Amino acid sequence: MTFALFIGVLFASILLGLPVAFALLLASMVLMFHLDTFSPDILAQGLINGVDSFPLLAIPFFLVAGEVMSRGGLSERIVRLAMTMVGHRRGGLGYVAIMTSIVLAGLSGSAVADAAALVSILYPMMRKAGYPAGRSLGLLASGGIIAPIIPPSLPLILVGVAGNISIAKLFMAGIVPGLMLGLTLMTVWSFVMRKEDIETLPKASGAERRAAFKEGIWALMLPVIIIGGIRSGAFTPTEAAVVAAVYAITVSTLVYRSVNLKMLFDVLVAAGRATAMVMFLVGAAMVAAWLITVAQLPQQLAAMLDPLIDSPRLLMLVIMLIVLAVGMVMDLSPTVLILVPLFMPVVKMAGIDPVYFGLMFILNCSIGLLTPPVGTVLNVICGVGKVPMSAAVRGVAPFLTAYAALMGLLIIFPQLITVPAKIFGG
């Protein structure tokens, strides 16, 4: 009864158009009345305590780093480097898009930002070269969702906070799955392009490659600094965010000279607004998470899933199907903040590695960014590329199918994530 009341009020509020943060607070208030523990002081204190977290400090700094890198022309330099490497191959611009999406993922951590950058830069080039519109957009959108997996990733920070999982371990564990996503895209792209007769770009000379590498090396060093610093223990993920922001500002203003003081001010304002929205959502989610614990909702969920506790793979399959269904109608961040506290006790009871669960959860939610009706990334690429939703859905279908197959493979063989995670994480 309590579980159905909370979930029912929450999703009814969202369907009625209430912002997710307010829907969470409303569901929490209803739950408090149901438990006869309503107190405005608890709500206010919960909101404040929910964002009073050192790991969450990483969010504004990573947002600043991503914004500076995006506005500082880093995307164009990465595209130019990728074009000198693989632009001459059959379907070369597609491989350029995939390589660029992997590199950009290590700079911004935002699927929406990466997808928008890829579409704005590469889509006109692909259309001019004769690539099919829907298929091109499908590839660019699918490449964009690599960003939440490869560090620095804002969703991984959220799942670490919501599930009390080591963010450093999540970052290290995200490297191999992120590369798997890129490899999957390359495999599917080579298959769908095998019969296309599209003119390829001329092969770049050694001098052109060296020049492109020289221009892009400063951008390429950012993920190396972040991952290397965390792996070596030189700094925590939060401290890595500060280093990333300082590095991005320094490179964009002093090396590339592409960001001036006015642009920097705009970047800080944009990052501040984004941080405020995320923090309010996190605060509301932490209020809900506390009440979920008080109401013993995880125990009720565990009782429902009890027959699966002794079958970790089957349990993961059921959880991932639930997450996928929710992710189709809800954005990534609220899905993480609502469901991770609910599922984490069940996951631990089944003996599933929390880091593995966190990575799979974010991978699943990222796929939800490509599925209608919400599909945030899907909507963004349609807006930027000026194509109807139906064309984008058809274009993204083969890549979604491949991603689903990869998800199934990772459920059957969790070692594909856990073993590299232990190697990279020490």
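Enter the angle in degrees (range 0 to 90, nearest 10) between the Cα long axis of helix 133-144 and the first principal axis of the Cα atoms of the chain, meaning the one along which they spread out most.
Between the helix axis and the principal axis of the chain, the angle is about 60 degrees.
What share of all Cα pairs of the stretch 75-193, in percent, falls into each consecutive 5 Å distance bin?
All Cα pairs considered, the percentages come to 2, 13, 23, 23, 18, 10, 6, 4, 2, 0.
Report the extension gain between A303 and S258 in nm, rounded to one decimal, defined as 0.36 nm multiplied by the number of residues separating them, less their alpha carbon distance. Walk me through the numbers on the way to the answer.
Details: separation 45, 0.36 × 45 = 16.20 nm, distance 5.68 nm.
Stretched fully, the A303-S258 segment lengthens by 10.5 nm.
If you consider only alpha-carbon coordinates, what radius of gyration and Dmax does the stretch 321-426 have, in Å?
Final numbers for Rg and Dmax: 15.4, 48 Å.
Cα centroid distance between the stretch 27-66 and the stretch 375-421, in Å?
Using only Cα atoms, the two centres lie 31 Å from each other.
How many nm is it between the label spots at Q296 and A325, if each spot is 7 Å from the Cα in line with the beta carbon?
2.6
Using only Cα atoms, tell me the angle between helix 92-105 and the longest principal axis of the chain; keep it within 0 to 90° and round to the nearest 10.
For 92-105 against the chain, the angle is about 50 degrees.
Kirkwood hydrodynamic radius, the chain, all distinct C-alpha pairs: what's the number in Å?
Working: mean 1/r = 0.0451 Å⁻¹.
Value: 22.2 Å, from the Cα pair sum.
Angle, helix 111-128 long axis vs. longest principal axis of the chain, Cα atoms, 0 to 90°, nearest 10?
30
In the structure displayed, which of K262/K386; K169/K348; K214/K262 lie more than 19 Å apart, Cα to Cα? Numbers along the way, then the final one.
Details: K262/K386 30 Å; K169/K348 17 Å; K214/K262 27 Å.
Pairs exceeding the cut-off: K262/K386; K214/K262.
Work out how much length A404 to R231 would gain on full extension: take 0.36 nm times their residue separation and subtract the Cα-Cα distance, in nm to one decimal. Could the numbers behind the result be given before it?
Details: separation 173, 0.36 × 173 = 62.28 nm, distance 3.00 nm.
Here the segment from A404 to R231 would lengthen by 59.3 nm.
FYI, it's all coordinate maths here, none of it is from the lab. Note that the structure is predicted; figures quoted are calculated from it, not measured. Counting neighbours? That spans all protein chains shown, and the Cβs are built from the backbone with ideal geometry, glycine included.
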